[in-house]
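Novice: Dumping the structure here so I can ask a few things about it.
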Amino acid sequence: MIATTYSLLISKTIGVSILILIILAIRPLILRYLNAKIAYTLWLMIPIFLMLPVNWFLVFDSAPSPSMTFLYGIRQFVSDNLMLVDNSASGIVQLVLGLWLSGLLVSLFMYWRQYQQLINSFEASDYQLLKSVYNEILFDNKAFKSITIVNSSLVKVPAVFGLVNPYLILPKKFSSYPVQKQSVILKHELFHIKRKDHQINVIKVLVKSIFWFNPLFHFSDRYFEADQELSCDFSVLNQLSKSEKKHYATAILDVVSVGNQNCLVSQWQYPSLIKERVNMLKNTNQKSWYGWATLIFSSMVLLMTSYVSYAKEESKEAVPAKIVQPIYPLNAAIKSLEGSVRFRFNIDKTGKPYDISVVSSTPGDMFVKNAQKALEQWHFKIKEVDGQRVKQIGMLYTMEFRLK
């Protein structure tokens, strides 16, 4: 378990680091030639990658795998020369995981303290949402009722926050703003709520806590937040008239000039990127093919990143050291059916296969059950690197079933 966790942490760290670098590299081009909505969408590759199972990309691997043929009624030779080995994780691995877990707990505790401070600072607000603005953005009475409007001394600008139901945080003097200014600001914040950005920010906090040791996460945070705000601007601007766009730009400049002090809310807090935001207010380009291009590009990047992250130097040729004969299904024998099952699996430091999955089987799943039951009892030759036993990832093996 410890070794598996360590291997998974390393692989995921490599993968998300590659994704962040790719996103930051192409971000200027996306903002210039496409739009901020596309730039924000690309950040979704990170949680998608984190949720993908290890070696999912091997489903596209059609390379031949080692195989063994089993004949009906004939027993195979079984080798018992397996050498049992120690499967305990090294002291270094345990130390690294201990430090990582400590950092994770500290990071979560710090965010939890900020969460408590923010919640405790909330004061009930008597402000009433402009109904026309609400109808224009949300269209949903249930969503409207779930919004709680509050004031907070810790947040100086309009912002959205929440784990489940959203809080709309407004300055105490917000009702004294010109109605036009109130309207455009509310449209911006309500669109955050419509898009569930308050919950996306919670996920961001959890991911940053898991990878607290990776400086790329802390560096890229400002650009993620920038794209979140820019994409929100983009979506709202597409609903405004020419005169309303001018009011919107003025209101946004007033808000970002104040700044914000709490990193848990969905709001702009990097003054050095204000110029970029102002420039992007002029870009409302949107074409139908943008979405398809983003999907294709993201899929290719995820496939490439997964391959690089999990690729191992060792060969995928699994060499059995102990074999358990699979039972030839009686129904198949009666029907004179032959077939094969191709497996993908990992091998631990004792040579035992785990995470077994079926890549392909013919005919149907006729031979799968018996073949997998046998494979689970096999042991394979152990690979060593610099005298140390290592796990083997993404191994392929095919069992063929033939009649006499």
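Novice: Can you name every residue in region 116-139 that is of a type in the set (Ser, Thr, Tyr), part of a helix (DSSP H, G or I) and crowded, with 17+ Cβ neighbours inside 10 Å?
Specialist: The first filter runs over region 116-139 and keeps only residues of a type in the set (Ser, Thr, Tyr), leaving 121, 125, 127, 132, 134.
Still in the list and also part of a helix (DSSP H, G or I): 132, 134.
If the condition is that a residue be of a type in the set (Ser, Thr, Tyr), part of a helix (DSSP H, G or I) and crowded, with 17+ Cβ neighbours inside 10 Å, then Tyr134 is the only one that fits.
Novice: Out of the residues in region 373-394 that are among the β-branched types (Val, Ile, Thr) and in a strand (DSSP E or B), which is farthest from Tyr328 (Cα to Cα)?
Specialist: First pass over region 373-394, keeping only residues among the β-branched types (Val, Ile, Thr): 382, 385, 390, 393.
Applying the additional criterion that residues be in a strand (DSSP E or B) yields 385, 390, 393.
Values: Val385: 37, Val390: 33, Ile393: 28 Å.
That would be Val385.
Novice: I'd like the residue in region 41-74 that is hydroxyl-bearing (Ser, Thr, Tyr) and surrounded by 15 or more Cβ atoms within 10 Å (Cβ to Cβ) and, out of all such residues, is modelled with the lowest pLDDT.
Specialist: Result: Ser65.
Novice: Residue by residue through region 167-187, note down the ones that are at pLDDT below 85 and of a type in the set (Val, Ile, Thr).
Specialist: Passing the criteria: Val179, Val184, Ile185.
Novice: Does Lys196 count as under 16 Å from Glu229 (Cβ atoms), surrounded by fewer than 17 Cβ atoms within 10 Å (Cβ to Cβ) and free of Cβ contacts under 8 Å to residues at least 12 places away in the same chain?
Specialist: Considered against the rule, which asks whether it is under 16 Å from Glu229 (Cβ atoms), surrounded by fewer than 17 Cβ atoms within 10 Å (Cβ to Cβ) and free of Cβ contacts under 8 Å to residues at least 12 places away in the same chain, Lys196 comes out as yes.
Novice: Has region 162-180 got any residue that is among the hydrophobic types (A, V, I, L, M, F, W, C), surrounded by 15 or more Cβ atoms within 10 Å (Cβ to Cβ) and either in contact with a Gly (Cβ under 7 Å, 6 or more places away or on another chain) or assigned to a helix (DSSP H, G or I) (or both)?
Specialist: Yes, there is a match, as at least one residue in region 162-180 is among the hydrophobic types (A, V, I, L, M, F, W, C), surrounded by 15 or more Cβ atoms within 10 Å (Cβ to Cβ) and either in contact with a Gly (Cβ under 7 Å, 6 or more places away or on another chain) or assigned to a helix (DSSP H, G or I) (or both).
Residues are listed down the side, and each one gets a yes or a no for (1) out of contact with any strand residue (DSSP E or B) (no Cβ under 9 Å at 6 or more places or on another chain); (2) at pLDDT below 85:
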site: Leu104; (1), (2): yes, no
site: Gln114; (1), (2): yes, no
site: Ile119; (1), (2): no, no
site: Tyr127; (1), (2): no, no
site: Lys142; (1), (2): yes, yes
site: Lys145; (1), (2): yes, yes
site: Ile149; (1), (2): no, no
site: Lys156; (1), (2): yes, yes
site: Asn165; (1), (2): no, no
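Novice: For region 326-372, give me each residue that is in a loop (DSSP other than H, G, I, E, B) and touching a Ser or Thr at 6+ places or on another chain (Cβ under 8 Å).
Specialist: Correct list: Phe367 only.
Novice: Consider region 345-380. How many of its residues are over 19 Å from Ser67 (Cβ atoms) and in contact (Cβ under 8 Å) with a residue 60 or more places away in the chain?
Specialist: Residues flagged as over 19 Å from Ser67 (Cβ atoms) and in contact (Cβ under 8 Å) with a residue 60 or more places away in the chain within region 345-380 amount to 4.
Novice: Name the residue, out of Tyr307, Tyr290, Tyr328, that is in contact with a strand residue (DSSP E or B) (Cβ under 9 Å, 6 or more places away or on another chain) and among the aromatic types (Phe, Trp, Tyr).
Specialist: After applying the criteria, what remains is Tyr328.
Novice: Still on this structure: What number of residues within region 149-161 satisfy the criterion of being farther than 21 Å from Tyr111 by Cβ and either out of contact with any helix residue (DSSP H, G or I) (no Cβ under 9 Å at 6 or more places or on another chain) or buried (at least 22 other Cβ atoms within 10 Å of the Cβ) (or both)?
Specialist: 2
The values are calculated or read from the model by the stated rules, or taken from the named source; none is laboratory data. Since this is a predicted model, take the numbers as computed values, not measurements. Heads up, the Cβs are rebuilt from the backbone with ideal geometry, glycines too, and the neighbour counts pull from every protein chain shown.
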